[in-house]
1. Residues that are over 21 Å from THR273 (Cα atoms), over 20 Å from the mean Cα position of the chain (by Cα) and at pLDDT 90 or above: does segment 385-394 have at least one?
2. Could you give me the residue pairs with C-beta distances under 9 Å whose first residue belongs to segment 290-303 and is closer than 13 Å to GLY323 by Cα, whose second residue is modelled with pLDDT under 65 and part of a loop (DSSP other than H, G, I, E, B) wherever it lies, and which are 6+ apart or on separate chains?
3. State the number of residues belonging to segment 10-42 that are out of contact with any Lys or Arg (no Cβ under 8 Å at 6 or more places or on another chain), assigned to a strand (DSSP E or B) and in contact (Cβ under 8 Å) with a residue 60 or more places away in the chain.
4. I'd like to know if segment 374-381 contains one or more residues that are charged (D, E, K, R), free of Cβ contacts under 8 Å to residues at least 12 places away in the same chain and over 30 Å from ILE322 (Cβ atoms).
5. Which pairs do you get when a residue that is among the hydrophobic types (A, V, I, L, M, F, W, C), found in segment 438-450, comes within reach of a residue that is part of a loop (DSSP other than H, G, I, E, B), reach meaning Cβ atoms under 8 angstrom, with the pair 6+ apart or on two chains?
6. Looking at VAL425 and the list (1) of a type in the set (A, V, I, L, M, F, W, C); (2) at pLDDT 80 or above; (3) under 29 Å from ILE21 (Cβ atoms), which single condition is not satisfied?
7. Kindly indicate whether GLU129 is modelled with pLDDT of 95 or more and of a type in the set (D, E, K, R).
8. Which one is nearest to the chain's Cα centre (by Cα), of the residues in segment 412-454 that are part of a loop (DSSP other than H, G, I, E, B) and over 26 Å from VAL153 (Cβ atoms)?
Amino acid sequence: MREDTIAAIATAAGEGGIGIIRISGETALDILEKVFIPVSGNIKPRVLSYGHVVDYRDNKVIDEVMAVYMKGPFSYTAEDVAEIQCHGSIVSLRKILSLVLESGARLAERGEFTKRAFLNGRLDLTQAEAVIDLIKAKTDKSFDVALNQLEGVFSEKIKKIREKLVDILVNIAVNIDYPDEDIEEITYEKLSENLKQISVDINQILSTADTGRIINEGLKVSIVGKPNVGKSSLMNALIGENRAIVTDIPGTTRDTIEEALTIKDIPVILTDTAGIHDTDDVIEQIGISKSKESFNNADLIIFVVDGSEELRPEDFEIIRHIGDRKTIVLLNKKDKGLVVSEEKIKELIRNSFVIESSVSSGEGVEQLAEKIEELVYGGKVIQKDSLLVTNVRHEKILKDASQCVLDAVYMTNARQPLELIEIDVNRCYELLGEITGQTASGDIIEKVFERFCLGK
């Protein structure tokens, strides 16, 4: 079946020095030759040519451009691809795209270029997903992780586990189908050992999911505390500007203030909340309600305490709401002398880390940043080529696959029939194939590429 040729603007919307129209499909070269006139010579594959885009209907020059043709399969989509590099005016881009579409191409759908790369075998599904992660990367770390995935490190891990599962499935099938033949009989002990190793392999990958999600989506951090303890000062210190209003008047912050920033190359979504306390002020009550909602949804709580005075009922109310959540307690106003001890805090909040600080002078802020980094990475040094699960889809599949293996181990240890064990092992094999796209349904594939922009 002859694939139609697609085209789209591949550069970001808005003005720019250069804009690119990408064309992919069997007639890419024909369309390029129809709209582009090189100054000298013919269009040669993989050679950038200077010339003009000309409307063939009236011979009117649309723009001065550079153009390149890449013959498949040695292109992004593994199809014939042409790209026109014009001035980055939206007018120029639209005129050229319109001419290309009138010359036989159709407008590409979201992610269709990358989808064709996947369907043509140039990328697997994890690599395709890495493309959009690269585009959306907000830090060096998230970029490195996405690039690592694009290069196939994650895919290779999954491939090796599936190969082990195939070996197990083959052995099971042989023993089921040819029980009387002179072949090595599979033992339950050996089968259990092999399945346990696969479980370890899957869970090692799965253990990186929390860190990976944070690197990709950002760490949700909520700053909580009673009024006038230094929450807004802390937020201003972390973001490096006066984003929140700071006064000596309790209740100055009446609403949550959200800010995106980077701490130790970790994307952080930081929320400064209204001070939690009893009040008859309706507006303050709304702010306090939103504050409670904020730290209920947070990955990490920063609890700012005025360490220069004894804990008050408002502090104990916040502690009650914190519960077992991961919390950094900032004992602020150290410069006035601390009367609240670290031991007291740890008695009240079990899952806590205590830092003594004086935010007004900057003391303790760097230590706080280091503690956030430690909590995200678990004390581990994440190398550039480290494998991290950053995708929710991958995480869910890995959890389901892990459960299938555990079920198979249980039945193996219980000496259940091989036919029943085979069902769970095969299910695990199929699930892992969904990650790379080998067994993924059309609906899954469509949902993956819905995240993409038109030109990619």
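1. Going through segment 385-394, the residues over 21 Å from THR273 (Cα atoms) turn out to be 385-394.
Going one step further and asking which of them are over 20 Å from the mean Cα position of the chain (by Cα), we end up with none.
No; the residues of segment 385-394 include none that is over 21 Å from THR273 (Cα atoms), over 20 Å from the mean Cα position of the chain (by Cα) and at pLDDT 90 or above.
2. LYS292/ILE276
3. Residues in segment 10-42 being out of contact with any Lys or Arg (no Cβ under 8 Å at 6 or more places or on another chain), assigned to a strand (DSSP E or B) and in contact (Cβ under 8 Å) with a residue 60 or more places away in the chain: 8 in total.
4. Looking only at segment 374-381, we keep the residues that are charged (D, E, K, R), and these are 374, 380.
Checking the rest, the ones that are also free of Cβ contacts under 8 Å to residues at least 12 places away in the same chain come to 374, 380.
Those still in the list that are over 30 Å from ILE322 (Cβ atoms) too: none.
No - not one qualifying residue is present in segment 374-381.
5. As it stands, the answer is ILE445/GLY437; VAL448/GLY111; PHE449/GLU109; PHE449/ARG110; PHE449/GLY111, since those pairs meet every condition given.
6. The number of the failed condition is (3).
7. Numbers: modelled with pLDDT of 95 or more: no; of a type in the set (D, E, K, R): yes.
No: the conditions fail for GLU129.
8. Looking only at segment 412-454, we keep the residues that are part of a loop (DSSP other than H, G, I, E, B), and these are 414-417, 437-441, 450-454.
Adding the requirement that they be over 26 Å from VAL153 (Cβ atoms) leaves 414-417, 454.
Numbers: ALA414: 40, ARG415: 41, GLN416: 40, PRO417: 41, LEU454: 20 Å.
Across segment 412-454, the extreme among qualifying residues is LEU454.
The values are calculated or read from the model by the stated rules, or taken from the named source; none is laboratory data. What you see is a predicted model; the values in this text were computed from it and never measured. As a convention, Cβ positions derive from the backbone with ideal geometry for all residues, glycine included, and neighbour counts pool all protein chains shown.
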